[in-house]
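Structure first, commentary second.
The values are calculated or read from the model by the stated rules, or taken from the named source; none is laboratory data. The shown structure was predicted, so the numbers you read here are calculated from the model rather than taken from an experiment. Cβ: placed from backbone, ideal geometry, glycine included. Neighbour counts: every protein chain shown.
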There are 2 protein chains.
Amino acid sequence: MSNLITPRTLSGFRDYLPSVMLAREEVLRRAREVYRSYGFTPIDTPACESLDVLLGKGGDESDKLVYRVLSARGDKAEMGLRFDLTVPFARFSAQYINELGTPFKRYAMGPVWRGERPGQGRYREFWQCDFDTIGTTSNAADIETALVINDLFTAIGFDKFEIRVNNRLLLNGLLELNGLAGKAEPLLRSLDKLPKIGREKVAEEMVKEAEVTALQANAVLDLAETTGANADVLNKAEAFFSASPNEKAAEGIRRLRELLTVAKAAGVPEERIKIDLSIARGLDYYTGTIYETFLTDLPGIGSVCSGGRYDNLASKYTKQVLPGVGASLGVDRLIAAMEELKHPLLTGQTTPAQVLIVNFDAARLGDYQRIARALRAACVNVEVYPDTTKKIGTQFAYAEKRGFKLAVVAGPAEFEQGVWKVKDLAKREETAVPEAELVERIKQQV
Amino acid sequence: MSNLITPRTLSGFRDYLPSVMLAREEVLRRAREVYRSYGFTPIDTPACESLDVLLGKGGDESDKLVYRVLSARGDKAEMGLRFDLTVPFARFSAQYINELGTPFKRYAMGPVWRGERPGQGRYREFWQCDFDTIGTTSNAADIETALVINDLFTAIGFDKFEIRVNNRLLLNGLLELNGLAGKAEPLLRSLDKLPKIGREKVAEEMVKEAEVTALQANAVLDLAETTGANADVLNKAEAFFSASPNEKAAEGIRRLRELLTVAKAAGVPEERIKIDLSIARGLDYYTGTIYETFLTDLPGIGSVCSGGRYDNLASKYTKQVLPGVGASLGVDRLIAAMEELKHPLLTGQTTPAQVLIVNFDAARLGDYQRIARALRAACVNVEVYPDTTKKIGTQFAYAEKRGFKLAVVAGPAEFEQGVWKVKDLAKREETAVPEAELVERIKQQV
């Protein structure tokens, strides 16, 4: 009998309810402030791009994940939903770089869509939050990327995290020495699995998939598994190449050393940055420094902020060579981690207001809104309970459920005396405050 | 010979370049703060919804505007892009209202998509920024909606704007008296055209489309065209109904009167709210108070924030009756207006940073980043120019083009003396500042 449509989200898509959304807004706000504090400027691009802009040269794995969008009045699929923020940025850069000038530093935040099989923490719509510096090969930009990541997680309220840094030039140098330059891609894909399947299986896979000798596979793994304090790792890497020097590897080592030196001078705690020659980031796209960021208390969730240097951002759209470096904050993965770690930004509150003004007497709405306005002018967020027909007990229960700190009540008796009752909802303490002191007193209490 | 893909946006879609994007972020930030200051809490819903959730009962005009999205690996179109934030909110409310409780006040911000013919200021992707209070019929929520709109435009930096308010109950009362209750929809559609085509043509259209008599059409228009100061308009409306009293009309007048009284008590300047019985908002959806907002210096652009009260938000998805009231800020239209009015938020700056630290000596990058860090800690946004190979003149030109206020320079001579040169780029004045005073001095200058 009922013709109701069941309200639901599609598989792989989700709603943000107030408590998580308040945290997400706060994460994005802090990310925005950190990016801006380094001079990254915001841009935005549409959710939909032309398919020829979006898709690779054919057969790419990521092409299969692209959602096609039909033109509204027809059935032609000429556009698709962006699957990351990098491809739209590449298109954007090719289009405007002459107007914008280089170097160009931008950030972008927004949802991206991938038609993947949904799973634990894997959604078909999720937020990315990228920053990049393009138009320069300077190591200063690579170093700054690490500083930004450090400030970003500090600003979000993390103390225990580690930025793992590597430079592709080391591996590329090794491959060059061994005449294996063309095999970087399959070797990287295997190396990326090191933490999951271990050295032995990676070596086997390299021999099988990249068709290298066991000796060659082991040389790659020896380099990748160099351990020790940062300085030691770089010294060992240098020693590794001492018998047959290679320019690429030397430049990679020089860049990593400079990164450590400048980060220290800039005041980044030493334990925050870890040189890790094993991180590979399976993408062939990166050519220099690469970054991954792990939460010390929840390493299993994977990297929450990753990126790297690339030689040429927009070769698909322009002949202008645009080298750059950047990283992307995985907002949804981070928020999942914050939920698991009971991060203080997830307060359980579902309201952004601190004060509820109880609607005791409908005729006094003007007074309630007048006081609310005075509090708002003092930067206190205030809700006036809308419904005059509800009992005070109901209004208090409403306030407690949502996490308001204070409830303010005034009825005929209070108006006669010129006072307002201020109730601390956690302490269950009530005090009568003269109207002239109300704003000041509430400011102190919230 | 070239295989380059032309970088471009699709027709009706557009990019936000830094100067406009900085303004948009600021508009959204201020809107968010105002909404929060009233206790509206953020939620988010996916861009894609199931088609049965999204589409009307068939044949609706808006259905034709919905972009269908194909499943990633197939060709089935089972989902579509949202065309507003109201339908997803209705679905969301039906799904979670028992968990959330009523009243429930939310805001939501994000892009929506409509397959319309693109035109001057009309895009296929544009941002909405909605706030609603649901689960109450109280006029306190209607009144608050006007207060929020007033604070919103004040916060964005507008002084000259007018919130036009009407209540559908007046027209509904009149129709009820004339036995025309079923004709509200075509009559409203015609009435909505009053500013564009004038009284005579509207009356003609009403006779033709709504099949009412000329006398009936003129009664509707007489009511709609009631003019005068707010109190006069309401008194005249009361007189209009005095011969044959109607409960709906009386309640509409009472609600509008209370809105004026409370808004005045709460400190809203009287000229900001204008009772306008002609505003109709062609949507049959609204049942009570309705709002439109006009910029006094650019009325032709149309309403930049509109909304109203509705009897039942989510009847398509739940039997639970959810009355509510809310409004939507048309972000893109507002920003177009701000560009035309040369609003101070559109500064022409393309960087969010105030200070550029010139990269004079590559070996000093640690010092540059150390000082930058100290400035960032003092809430000054600082960019360290990344490229050490560029001449100082090039770096100054970069700073000027983007709108940095200050450039800070230190080379060997300055490091020896322990000073930094601070250059005011607009005044072209340069001063040498001892390092210990640098942060304080720069804070004063930006």
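Looking for something among the charged types (D, E, K, R) and either modelled with pLDDT under 95 or under 30 Å from A:Ala141 (Cα atoms) (or both) - is there at least one such residue anywhere in segment A:366-382? No - not one qualifying residue is present in segment A:366-382. Evaluation of B:Pro111 against the conditions (1) within 9 Å of chain A (Cβ to nearest Cβ); (2) closer than 19 Å to B:Leu329 by Cα; (3) in a helix (DSSP H, G or I); (4) out of contact with any helix residue (DSSP H, G or I) (no Cβ under 6 Å at 6 or more places or on another chain) shows that the sole unmet condition is (3).
Using the structure shown, decide if B:Glu414 is in a helix (DSSP H, G or I), farther than 30 Å from B:Ser306 by Cα and either within 9 Å of another protein chain (Cβ to nearest Cβ) or touching a strand residue (DSSP E or B) at 6+ places or on another chain (Cβ under 8 Å) (or both). I'd like the intermediate steps shown before the answer.
Values: in a helix (DSSP H, G or I): yes; farther than 30 Å from B:Ser306 by Cα: yes; either within 9 Å of another protein chain (Cβ to nearest Cβ) or touching a strand residue (DSSP E or B) at 6+ places or on another chain (Cβ under 8 Å) (or both): yes.
Yes, satisfied.
Do the conditions hold for B:Tyr368, that is, is it of a type outside the set (Gly, Ala, Ser), touching a Lys or Arg at 6+ places or on another chain (Cβ under 9 Å) and assigned to a helix (DSSP H, G or I)? Here the answer is no, as B:Tyr368 does not meet what is asked. Per the listing A:Leu28, A:Leu10, the residue uniquely farther than 30 Å from A:Gly403 by Cα, in contact (Cβ under 8 Å) with a residue 60 or more places away in the chain and in contact with a Cys (Cβ under 9 Å, 6 or more places away or on another chain) is A:Leu10. Scanning segment B:18-65 for residues that are assigned to a loop (DSSP other than H, G, I, E, B) and within 7 Å of chain A (Cβ to nearest Cβ) turns up B:Tyr38, B:Gly39, B:Ile43, B:Thr45, B:Pro46, B:Ala47. Only a single item in (1) more than 8 Å from chain A (Cβ to nearest Cβ); (2) of a type in the set (Gly, Ala, Ser); (3) in contact (Cβ under 8 Å) with a residue 12 or more places away in the chain is not met by B:Ala77, and it is number (1).
Among the conditions (1) over 28 Å from B:Thr154 (Cβ atoms); (2) modelled with pLDDT of 95 or more; (3) in contact with a Ser or Thr (Cβ under 7 Å, 6 or more places away or on another chain), the only one that B:Tyr385 does not satisfy is (3).
Quick check: anything in segment A:378-393 outside any loop (DSSP other than H, G, I, E, B), without any contact (Cβ under 8 Å) to a residue 60 or more places away in the chain, in contact with a Phe, Trp or Tyr (Cβ under 8 Å, 6 or more places away or on another chain) and surrounded by fewer than 21 Cβ atoms within 10 Å (Cβ to Cβ)?
As a first pass, look at segment A:378-393 and keep what is outside any loop (DSSP other than H, G, I, E, B): A:382-384, A:392-393.
Still in the list and also without any contact (Cβ under 8 Å) to a residue 60 or more places away in the chain: A:382-384, A:392-393.
Cutting the leftovers down to in contact with a Phe, Trp or Tyr (Cβ under 8 Å, 6 or more places away or on another chain) gives us A:382-384, A:392.
Pick out the ones that are also surrounded by fewer than 21 Cβ atoms within 10 Å (Cβ to Cβ) and you get A:392.
Scanning segment A:378-393 turns up at least one residue that is outside any loop (DSSP other than H, G, I, E, B), without any contact (Cβ under 8 Å) to a residue 60 or more places away in the chain, in contact with a Phe, Trp or Tyr (Cβ under 8 Å, 6 or more places away or on another chain) and surrounded by fewer than 21 Cβ atoms within 10 Å (Cβ to Cβ).
Sort through B:Ile163, B:Ile156, B:Ile149 and tell me the only one that's of a type outside the set (Gly, Ala, Ser), closer than 17 Å to B:Val268 by Cβ, touching a Cys at 6+ places or on another chain (Cβ under 7 Å) and touching a residue at least 60 places away in the same chain (Cβ under 8 Å).
On the way: B:Ile163 fails: touching a Cys at 6+ places or on another chain (Cβ under 7 Å); B:Ile156 fails: touching a Cys at 6+ places or on another chain (Cβ under 7 Å).
That would be B:Ile149, the only listed residue that is of a type outside the set (Gly, Ala, Ser), closer than 17 Å to B:Val268 by Cβ, touching a Cys at 6+ places or on another chain (Cβ under 7 Å) and touching a residue at least 60 places away in the same chain (Cβ under 8 Å).
Restricting attention to segment A:271-300, and to residues there that are part of a helix (DSSP H, G or I) and in contact (Cβ under 8 Å) with a residue 24 or more places away in the chain, which single residue is nearest to the other protein chains (Cβ to nearest Cβ)? Give the derivation first.
Restricting attention to segment A:271-300, the residues satisfying the condition of being part of a helix (DSSP H, G or I) are A:271-272, A:299-300.
After this cut, where a residue has to be in contact (Cβ under 8 Å) with a residue 24 or more places away in the chain as well, the list is A:271-272.
Values: A:Glu271: 18, A:Arg272: 14 Å.
Checking each candidate, the answer is A:Arg272.
Just one of B:Ala362, B:Ala314, B:Ala374 is crowded, with 23+ Cβ neighbours inside 10 Å, within 13 Å of chain A (Cβ to nearest Cβ) and of a type in the set (Gly, Ala, Ser); which is it? I'd like the intermediate steps shown before the answer.
On the way: B:Ala362 fails: crowded, with 23+ Cβ neighbours inside 10 Å; B:Ala374 fails: crowded, with 23+ Cβ neighbours inside 10 Å.
Only one candidate qualifies: B:Ala314.
So for segment B:404-414 (the condition being in the same structural domain as B:Gln95 (by TED's automatic domain parsing), of a type in the set (A, V, I, L, M, F, W, C), more than 19 Å from B:Ala23 (Cα to Cα) and surrounded by 18 or more Cβ atoms within 10 Å (Cβ to Cβ)), does at least one residue qualify? Within segment B:404-414, not a single residue is in the same structural domain as B:Gln95 (by TED's automatic domain parsing), of a type in the set (A, V, I, L, M, F, W, C), more than 19 Å from B:Ala23 (Cα to Cα) and surrounded by 18 or more Cβ atoms within 10 Å (Cβ to Cβ).
Please pick out the residue among B:Ala363, B:Ala314 that is assigned by TED's automatic domain parsing to the domain that holds B:Gln120 and modelled with pLDDT under 95. Even if it seems obvious, please write down each step before you answer.
Numbers: B:Ala363 fails: assigned by TED's automatic domain parsing to the domain that holds B:Gln120.
From the options B:Ala363, B:Ala314, the qualifying one is B:Ala314.
Residues that are over 15 Å from the mean Cα position of the chain (by Cα) and either buried (at least 19 other Cβ atoms within 10 Å of the Cβ) or not in a loop (DSSP other than H, G, I, E, B) (or both) within segment A:99-108 comprise A:Glu99, A:Leu100, A:Thr102, A:Pro103, A:Phe104, A:Lys105, listed in sequence order.
For residues in segment A:371-388 being over 16 Å from B:Val325 (Cβ atoms) and not aliphatic (A, V, I, L, M), which is farthest from the chain's Cα centre (by Cα)?
Going residue by residue through segment A:371-388, those that are over 16 Å from B:Val325 (Cβ atoms) are A:371-382.
Subsequent filtering for residues that are not aliphatic (A, V, I, L, M) retains A:373, A:376, A:379, A:381.
Details: A:Arg373: 35, A:Arg376: 31, A:Cys379: 28, A:Asn381: 28 Å.
Across segment A:371-388, the extreme among qualifying residues is A:Arg373.
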